[in-house]
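This report concerns only the one structure given below.
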Amino acid sequence: MPFSKLGLPASLINGVKAMGYVDPTPIQLRAIPVVLTGGDLIASAQTGTGKTAAFALPILHRLAADRRPATRRSARVLVLSPTRELATQIGESFKTYGKHLGVSVAVVFGGVKYGGQMRAMAPGVDVLVATPGRLIDHLQEKSITLQGVEIFVLDEADQMLDMGFILPIRRIVKFLPKERQNLFFSATMPTEIGKLAGELLNPNPLKVSVTPQATTVEKVSQKVIFVESARKRALLNELFAERDFKRVIVFTRTKRGADRVAKSLEQAGVEAAAIHGDKSQGARERALAAFKSGEVKALVATDIAARGIDVDAVSHVVQYELPNVPESYVHRIGRTARAGAGGSAIAFCGEEERNLLKDIQKVTRQVIPSEDRRNDRGLSMMTAHMPAEATDRAERGERNSGGGGGRRGGGGGHSDRKPEGRSDLPGGLRKQRNRPARAGGGGGQAAAGRPSASTKPIDQSQFKGPARGGAEPAKRWSPVD
């Protein structure tokens, strides 16, 4: 069925065609008619299947059909997004699709100054896309109100849950009018999302699901490679020597790990850039632009930073470290094989990650094909036969300096890995959600052969931004991302 059969105006259809889309995706076919009716919706679909257009197109149609000025410092539509990158991407989609409709769009997120956002919101806008932490800051400062919101969209609801945004979302909802349309979109649909929907949505919302829960993209070729953790960097360099590794996203669990892997690839002659929550907004935008243009071949990312990455023709996704949350595996491989294209996903699995792999295969209901590369002679001769700790030092380019006693992963409470913080989470709410450990025992060394999968340590760093008129507010939620 073409877009013209969905009741959308010609101006929107032409905008969609200009972007190269001819026929709607399954989620668009099922969601667009529901959104047009004004009813509440819970929609579940894999990443890369067009969820943004599924709510943006019908919302734009409704705004164009009912032209009215937005309330000052408010918006007619509020879209909540977990990360800066995804918020920016959603805002650009609204602007692109609605460029002939005269619809105003503002994007609000942390990591940048407040002044420009205040000026953009002062007259009121049709669509506001925001991350939770920065939006709460504005609500507290009264530089934004939500009195005029008619449609509330919660995008990537499952990621919001994993990142601990439940309390901020509930706080934001209290500022919304009771009479509104609610739209929940998510890649997976765990039971917690159903509970949240029961609290925030009107009774009996329509439910749309175009894929089974936590399934993986069909056109992705998946493989697990069993390899000693100390030899992962050498193996990654070997893989990049293959001709078909053209545009690759590499996932790590930690910010520091992302920086180290990117540096290792650069030393091996592979153009690489790291993107994570400690990077400034400008640095993240530059890294992503270089990756899109092909200037950078490898983008090394943490889960939080990668959620907004929407780049065509990603040939491979490499999971350098398996995620602690099994659903994140689905999100990661969804960065390739987008818009109907094919792609490859390779996951490295060390001995201490075996239980994480079991969790992933249980959630995705599949046995991922595997390859054993432990003590593989195909690895570089410099590192293939070295003891694990010596290999790790060699790959880092470290020398014995006679002091300091560098930390060597895996041991006890003094890990050298810096966890990825929760993006844009208000400081006063960072402690509100702790995920129980899947295996192992708490914060110290994991039980033999069973890694601890407890919640990552929470980044307590504070971000200070100017309040209205440039003065520093007395109290601020201090978003990290």
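So residue 154 passes all but one of these: (1) within 25 Å of the chain's Cα centre (by Cα); (2) of a type outside the set (Val, Ile, Thr); (3) farther than 29 Å from residue 331 by Cβ. Which condition number does it fail?
It is condition (3) that residue 154 fails.
If residue 126 satisfies all but one of (1) within 24 Å of residue 208 (Cβ to Cβ); (2) buried (at least 22 other Cβ atoms within 10 Å of the Cβ), what's the number of the condition it fails?
(1)
Between a residue in region 235-260 that is farther than 21 Å from residue 163 by Cβ and in the same structural domain as residue 350 (by TED's automatic domain parsing) and any residue that is modelled with pLDDT under 90 and among the aliphatic types (A, V, I, L, M), which pairs come within a Cβ distance under 6 Å, given they are 6 or more apart or on different chains?
247/313; 247/314
Tally time: how many residues in region 292-317 are at pLDDT 70 or above and either surrounded by fewer than 18 Cβ atoms within 10 Å (Cβ to Cβ) or of a type in the set (D, E, K, R) (or both)?
Going through region 292-317 one residue at a time, the tally reaches 11.
Take the residues of region 155-214 that are charged (D, E, K, R) and outside any loop (DSSP other than H, G, I, E, B): which is farthest from residue 27 (Cα to Cα)?
171
State the number of residues belonging to region 102-123 that are modelled with pLDDT under 95, of a type in the set (A, V, I, L, M) and either surrounded by fewer than 18 Cβ atoms within 10 Å (Cβ to Cβ) or in a helix (DSSP H, G or I) (or both).
1
Select from region 261-305 the residues that are touching a residue at least 40 places away in the same chain (Cβ under 8 Å), touching a Leu at 6+ places or on another chain (Cβ under 8 Å) and not in a strand (DSSP E or B) and list them in ascending order.
261, 264, 288, 291
Testing residue 260 on (1) at pLDDT below 85; (2) over 17 Å from residue 109 (Cβ atoms), one condition comes back false. Which one is that?
Among (1) at pLDDT below 85; (2) over 17 Å from residue 109 (Cβ atoms), the lone unmet condition for residue 260 is (1).
The values are calculated or read from the model by the stated rules, or taken from the named source; none is laboratory data. In this text, all values refer to a predicted model and were calculated from it rather than measured experimentally. In this analysis, Cβ positions are derived from the backbone assuming ideal geometry, glycine residues included, and neighbour counts consider all displayed protein chains.
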